[in-house]
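Trainee: I'd like to ask some things about the structure below.
The values are calculated or read from the model by the stated rules, or taken from the named source; none is laboratory data. Nothing here was measured: the structure is a model prediction, and the numbers come from that model. A quick note on method: Cβ atoms are made from the backbone with ideal geometry, for glycine too, and the neighbour counts reach across all protein chains shown. What goes into the accessible areas is simple: the full protein's heavy atoms, side chains included, and nothing from ligands, DNA or RNA. Shrake-Rupley method; radii C 1.70, N 1.55, O 1.52, S 1.80 Å.
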Amino acid sequence: MLSQANSFGLTGLRGFPVKVEVYISGGTNAYETVGLPDAAVKESKERVRSALKNSGFDFPGGLHVTVSLAPADVRKEGSVYDLPIALALLSAEGMLKQAPLVRAVYLGELALNGDVRGVNGVLPMVISAREAGESVFFVPRENAAEAACVDGVRIFPVDNLKQLVAFLQGEGGMEPVPRTVFVPEEAPYPWDFADIKGQAAAKRAAEIAAAGGHNLLLSGTPGSGKTMLARALPSILPPMTLAECMEVTKIHSVAGYRGLVATRPFRSPHHGASAAAITGGGPNAMPGEISLAHMGVLFLDEFPEFQRDVLESLRQPLEDGIVTVSRSRASCTYPASFMLVAAMNPCPCGNRGSRSKACTCTPSQIQRYARRISGPLLDRIDMFIEMNDVPFEDLRGKGTGEPSNLIRQRVFAARERQRERFGQDSTRTNARMSIQEIEAYCPLDRGCQAMMERAFRRMNLSARAYQRLRKVARTIADLDGSAVIQEKHLGEAIRYRSLSILGESDL
């Protein structure tokens, strides 16, 4: 007997419909799965067999069972098809009617005792299925909250196979979950700018970077507060919008994280991480750290210690805000619009510029250390900040600095000015302006043009650095509430472009 159930698969962030077909016939005792299944799909036979028996149902014995996953030319991965396969088997045996199985989408992994476990990527699959016209979904209870944030669908949470079969047989006992209202959270961050002693210039630079979404390189002696400043940065970023929450949750869902992401991500991979871990990879082209940091902060401590191929792999995402992961089994494009915050010592021993410790590095050692970061990568960083030793007077002082919530108000006001400027365009921050938008929104008067020309020649700027200077100046003007870029705004932006922190005079 032939039966069918609806399910969905996933490639990157896009779902595709999968028809689970089961045919039971006489002949030799066999069980075959076709349709380009991976190892996890092939292993579903034993999970389904045990789940059916432990739920009080019979598994077809002494018969030839063929499970087909269509379309047959697209690889199927994971345990998401366990539930629809079990239901299609029961329908083929005459225990379930066919109609409910083709009027809804079924997703879920089966435990050996018949419980339904959560799976990865439910949110993007539900979104794609809704766009394809599906409206009823049966998903693991563990995934119900994220699935229910999609508008226009009915999500039934499933605890176990026996419960679902009873419901499909008309016995009731299941209700769709209410739609999840996605409310961006203002999470209490453990780090606050008020806790950072001294470093007024660095905190000002961090405020500008947060206001415009600019990339930031911090250089300073050990203990000067680089890591603390980077970890406090999310506390001054504005809360995510609903659309941003959905976009970030989709990526995290594919990567295996459960639940809704309502706060801006902060990712801090170790400097020993591989290029695949940073950009994404593996046989199935999974998202990496730069995509998991989408709409948030990617913090790379000990910046020059990262492998050269890892650093160079950042160039395209920093420029385009996306990353394409190509592997033998899949090629996927993930969003990667993040703020890069990098931190490094000024030299191998870390003491260059210290007021209390002598540097033991030779000029050639300092140059080799700085040159671990290529010029094209540095060209994609907007601001370079030097952090010196914190004086004892600042450390012992009882007074606290300006708290994050006050800085965040100014950052939010600057972001609102950018939102009003760009309207419904895809650009969200000044850092993501296109060349055309720079020309439209960052004009320079005669005085600013003369200042820019002097800086361009003296600092030997590239065309990319020239445009990034204008973007930073536009952000400083937004923080100042100015409709136009003034000389004081451009002058401050130029000061953040010096590469003397890398042992060079200028870029």
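Trainee: Which residue, of V177, V139, V153, is among the hydrophobic types (A, V, I, L, M, F, W, C), surrounded by 20 or more Cβ atoms within 10 Å (Cβ to Cβ) and touching a strand residue (DSSP E or B) at 6+ places or on another chain (Cβ under 8 Å)?
Mentor: Only one candidate passes the filter, namely V139.
Trainee: Return the total of residues in the stretch 286-300 being more than 8 Å from the chain's Cα centre (by Cα) and at pLDDT 95 or above.
Mentor: Here the count works out to 4.
Trainee: For the stretch 65-72, state whether one or more residues are hydroxyl-bearing (S, T, Y) and buried (at least 17 other Cβ atoms within 10 Å of the Cβ).
Mentor: yes
Trainee: Now a separate question. Sort out which residues of the stretch 431-459 are in contact with an Asp or Glu (Cβ under 7 Å, 6 or more places away or on another chain) and surrounded by 12 or more Cβ atoms within 10 Å (Cβ to Cβ), and write them in order of number.
Mentor: Across the stretch 431-459, the qualifying residues are A431, C448, M451, M459.
Trainee: Do you know which of the residues in the stretch 231-263 that are among the hydroxyl-bearing types (S, T, Y) and assigned to a helix (DSSP H, G or I) is nearest to R179 (Cα to Cα)?
Mentor: Taking the candidates together, the pick is T249.
Trainee: Could you please find all residues in the stretch 93-132 being more than 21 Å from E146 (Cβ to Cβ) and open to solvent by 10 Å² or more (accessible area, probe 1.4 Å)?
Mentor: Result: E93, G94, M95, L96, K97, Q98, A99, P100, V102, R103, L112, N113.
Trainee: Still on this structure: So, F392, is that one under 30 Å from V254 (Cα atoms) and either open to solvent by 80 Å² or more (accessible area, probe 1.4 Å) or at pLDDT 90 or above (or both) or not?
Mentor: So F392 fails the test.
Trainee: Something else now. May I ask you to say which residue of T241, T279, T324 is open to solvent by 40 Å² or more (accessible area, probe 1.4 Å) and either touching a strand residue (DSSP E or B) at 6+ places or on another chain (Cβ under 8 Å) or modelled with pLDDT of 95 or more (or both)?
Mentor: On inspection, the qualifying residue turns out to be T324.
Trainee: Output the residues belonging to the stretch 89-113 that are in contact with a Phe, Trp or Tyr (Cβ under 9 Å, 6 or more places away or on another chain) and among the small types (G, A, S).
Mentor: A92, A104, G108
Trainee: Something else about it: Looking at D115, D192, which is the one that is modelled with pLDDT of 95 or more and charged (D, E, K, R)?
Mentor: Going through D115, D192 in turn, the sole match is D115.
Trainee: List pairs: first residue in the stretch 407-423 and within 21 Å of A205 (Cβ to Cβ) and open to solvent by 50 Å² or more (accessible area, probe 1.4 Å), second residue hydrophobic (A, V, I, L, M, F, W, C) and assigned to a helix (DSSP H, G or I) anywhere in the structure, Cβ distance under 7 angstrom, at least six positions apart or on different chains.
Mentor: R410/L479
Trainee: Any idea which of (1) over 30 Å from N54 (Cβ atoms); (2) open to solvent by 40 Å² or more (accessible area, probe 1.4 Å); (3) in contact (Cβ under 8 Å) with a residue 12 or more places away in the chain; (4) assigned to a loop (DSSP other than H, G, I, E, B) is the one A201 doesn't satisfy?
Mentor: Of (1) over 30 Å from N54 (Cβ atoms); (2) open to solvent by 40 Å² or more (accessible area, probe 1.4 Å); (3) in contact (Cβ under 8 Å) with a residue 12 or more places away in the chain; (4) assigned to a loop (DSSP other than H, G, I, E, B), only one is false for A201: (4).
Trainee: Mind listing whichever residues of the stretch 212-239 are more than 22 Å from the chain's Cα centre (by Cα), polar (S, T, N, Q) and farther than 21 Å from V472 by Cα?
Mentor: Those that are more than 22 Å from the chain's Cα centre (by Cα), polar (S, T, N, Q) and farther than 21 Å from V472 by Cα: T221, S224.
Trainee: Test of understanding: among R428, R474, R468, which residue is modelled with pLDDT of 90 or more and open to solvent by 10 Å² or more (accessible area, probe 1.4 Å)?
Mentor: R468
Trainee: What residue, among those in the stretch 18-44 that are acidic (D, E) and part of a loop (DSSP other than H, G, I, E, B), is least open to solvent (accessible area, probe 1.4 Å)?
Mentor: D38
Trainee: Here's another thing I want to ask about it. Is it true that some residue in the stretch 126-133 is of a type outside the set (G, A, S), closer than 24 Å to L13 by Cα and in contact with a helix residue (DSSP H, G or I) (Cβ under 6 Å, 6 or more places away or on another chain)?
Mentor: Scanning the stretch 126-133 turns up at least one residue that is of a type outside the set (G, A, S), closer than 24 Å to L13 by Cα and in contact with a helix residue (DSSP H, G or I) (Cβ under 6 Å, 6 or more places away or on another chain).
Trainee: I've got another one for you. What is the residue count in the stretch 347-368 for residues that are touching a helix residue (DSSP H, G or I) at 6+ places or on another chain (Cβ under 6 Å) and open to solvent by less than 10 Å² (accessible area, probe 1.4 Å)?
Mentor: Of the residues in that region, 1 qualify.
Trainee: Which residue pairs have Cβ atoms closer than 9 Å, lie 6 or more positions apart in sequence or on different chains, and pair a first residue in the stretch 287-316 that is within 19 Å of R368 (Cα to Cα) and part of a helix (DSSP H, G or I) with a second residue that is among the hydrophobic types (A, V, I, L, M, F, W, C) and open to solvent by 10 Å² or more (accessible area, probe 1.4 Å)?
Mentor: D309/A275; V310/A273; V310/A275; V310/A277; E312/A275
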